[in-house]
Amino acid sequence: MDRPLTVFRRHEEQLYLGAAGLVIAVAALLPLLVLCGQLVSSTAPASGPAATLASARIWLLLARSLGVAAAVTALALGVGVPLGFIFARTDAPGRWVAFALHAFPMFLPPFLLALGWFHWFGRQGLLGSETSSRALFSAGGLIAILVATFTPIVTSLAALALSAIDPALEEAARVVARPWRVATHISLGAIRPALALAALIVFALSLSELGVPTFLRVDLYPSAVFARLGGVDYAPGEAVALVLPLLGLALILLVAERRFVGARSFAVLGARAAERFTIPLGRWRVVGALAGLLAAVVGLAPLGALIGRAGLGGFSSVPAWMGGSLWNSLAEASLAASIMTALGIVVGRALARRRRAAAPLDALAMLAFVMPASVLGVGILATWNRSATAAIYGSLAIVVIGWTARYLIVSTRTIAIAVAQSPLHLEEAAAAVGSPFGRRLRRIVMPLHRRGIAAAWLLAFVFCLRDLETVVLFYPAGREPLTVRIFTLEANGPPAAVAALAALQIAVVAGVVAGAGVAQLAARTGPR
């Protein structure tokens, strides 16, 4: 065997990681570096765009945004953690059906749910009045809608973590303590990394949210950035200056994730335990069932309002108002999810196997996710909106780049969690007989973790389908995704047609999630 091939085989894993790292750097790091360069060069003059940060209103908006995000996170944890216990550990009747209905809205753009609640409580809504409309179009209404939207994230992560606890820990505690004491003192402590991750995700998504506050006419910091890029206050230099505080917040969130979550999430979100104890509710079973029913109703109510508002007339007008937005969404999301999954196989496996080079790539992917979407959007604008890259910026490729940067951590962590649950000896045995790294990926890692890989692709795909706040800043003219189409039509389009397009988005996501659920069920119950 000639020497170059021998060297390649010896360093093949590092080369795969290097290639993945190059893609991640171009998608996520390059926009941040360009943005930082523009911040350094544009903030020196006191009369330049940096003067925007001297405005008291800007800092009040930032404080208000942080307050809203903190309130949403606290309330989502307060509601989601008990629901997670009810769905995962109690004998409440109908809990799994209620859990599925409760969880579904987290796969939808939050502003669609706001639109649904508007058809319930707006001035002309089904239960609307002047009082309900004022309550809806307020900071309190914004917080309530975001809590209803993001609580399922907390519920799902809590339930998943509870299902993965080692039964021996709880069985030992049950010898000397009652079930509820075991749940609050043992189980709750064991899932803290999952709850920290849930809090981080909810806070980051709440801080980035643009559609709901814009629809409810609540001024927040992301709206100020968007107004300077896509509104009447167009001033891209000021938008660059406005993202400076958000960069600092993103770094703080990254440090918090490294400190409180990190690799510990692998243990609490991994393979489900074969046996787990159930907390008998006794006379409280009715209360548990009612809590699950209420959670399901809160999730379904805005969706039902949208379908009812659309009516036959709205659905019949969908082809005329939809244009190519649905096909744009499906094509862009499929391509972005495929790229993220390919990167996730390489980086996620390396992360699970504790490869040193994987840690900085994971940190960069997490930074791109937790940073407010406006930061990434402004960075992508600054990087790709140039004559030399006009072919990329004016095509669907720019959307794929943005989504890959923002949601790569979803596929990477999903695959890492799956790989971390499997033994290393199969890969070691193949390496011992000279199997190249690429062949081990194709013949061992991918077949062995095909369910985790499929789940990673699905999650990345759905996150792309629901995205608005990232892509709304740089989507190519005439090639907008469905979420952007609905968002831009909401102000001036026919209400029935807008509701019908929202129902179409819901139907597409429901079809994808239901199809994945059926496939998972078939895989579990089918022949082995």
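Every number in this text was worked out from the coordinates using simple rules, so none of it is lab data. What you see is a predicted model; the values in this text were computed from it and never measured. Methodologically, a virtual Cβ is constructed for each residue, glycine included, from the backbone with ideal geometry; neighbour enumeration extends over all protein chains shown.
Computed from phi, the 3J(HN,Hα) profile of the range 120-137 under the Karplus parametrisation 6.51, -1.76, 1.60 (θ = phi - 60°) reads 8, 10, x, 4, 10, x, 4, 10, x, 7, 4, 5, 5, 5, 5, 5, 5, 8 Hz, with x in place of Gly and Pro. How much FRET efficiency would the formula 1/(1 + (r/R0)^6) give for Leu22 and Ala320, where r is the Cβ-Cβ distance and R0 is 56 Å, rounded to 0.05? According to the calculation, E is roughly 0.80.
Here the Karplus curve 6.51 cos²θ - 1.76 cosθ + 1.60, taken at θ = phi - 60°, turns the phi angles of the range 31-38 into couplings of x, 5, 5, 4, 4, 5, x, 5 Hz, with x standing for Gly and Pro. Please identify which residues in the range 11-33 have an amide N closer than 19 Å to a label point set 7 Å out from the Cα of Arg356, following the Cα→Cβ vector. Zone members listed by number: 11-22. Summarising the amide proton neighbourhood of Thr90: residues at separation of 5 or more, or on other chains, whose placed amide H is nearer than 5 Å comprise Ile279.
Between Cys36 and Leu127, full extension at 0.36 nm per residue minus the direct alpha carbon distance yields a gain of 27.9 nm.
Residues His102, His449, His425, ranked from the fewest to the most other C-beta atoms within 10 Å, line up as His425, His449, His102. Note on Leu294 and Ser338: the extension gain reaches 12.2 nm, defined as 0.36 nm multiplied by sequence separation minus the Cα-Cα distance.
Taking 0.36 nm per residue of separation and subtracting the Cα-Cα distance, full extension of the segment from Ala491 to Arg450 would add 10.4 nm.
Close amide H pairs (under 5 Å, H built 1.01 Å from N) link Tyr475 with no residue at least 5 positions away or on another chain.
Nearest 0.05, what FRET efficiency do Trp59 and Ala510 give at R0 = 30 Å with Cβ-Cβ as r?
E(calc), rounded to 0.05, equals 0.15.
A simple rule links phi to the HN-Hα coupling: the Karplus curve 6.51 cos²θ - 1.76 cosθ + 1.60 with θ = phi - 60°, which for the range 142-153 gives 4, 4, 4, 5, 5, 5, 5, 7, 9, 4, x, 5 Hz, with x for Gly and Pro. Any idea how far apart Arg217 and Ala331 come out in nm if each label point goes 7 Å out from Cα toward Cβ? With each label placed 7 Å out from Cα toward Cβ, I get 3.8 nm.
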